[in-house]
Amino acid sequence: MRRCRPSINSHLRDPHTRIWKKDMKQYTCTDYRQEMILLSLQRRLADPTLDEHEKQHLQEQIRKLEADMGM
């Protein structure tokens, strides 16, 4: 059976995502915090007891946060 030899630059590639590490941005505490805030806003938005004004306010906050995150 023939074995494949790893490429010269295989250490630069993330094996799980196949993304080159040099192209990956450093994941910071701020990134994590923004993700958790976004998740909490989305969960609050899913509450069926919210009135229309609160829904609009949450949707606007979500849009702003997603724009800040580059989504």
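Every number here is computed from the coordinates shown, using simple stated rules; none is lab data. All values reported here derive from a predicted model rather than from experimental measurement. No Cβ is skipped: glycine too gets one built from the backbone with ideal geometry, and neighbour counts run over all protein chains shown.
Neighbour counts of C-beta atoms inside 10 Å place Glu66, Glu52 in the sequence Glu52, Glu66, starting with the fewest. Extension gain, Tyr27 to Lys64: 0.36 nm times the residue separation minus the Cα-Cα distance gives 11.3 nm.
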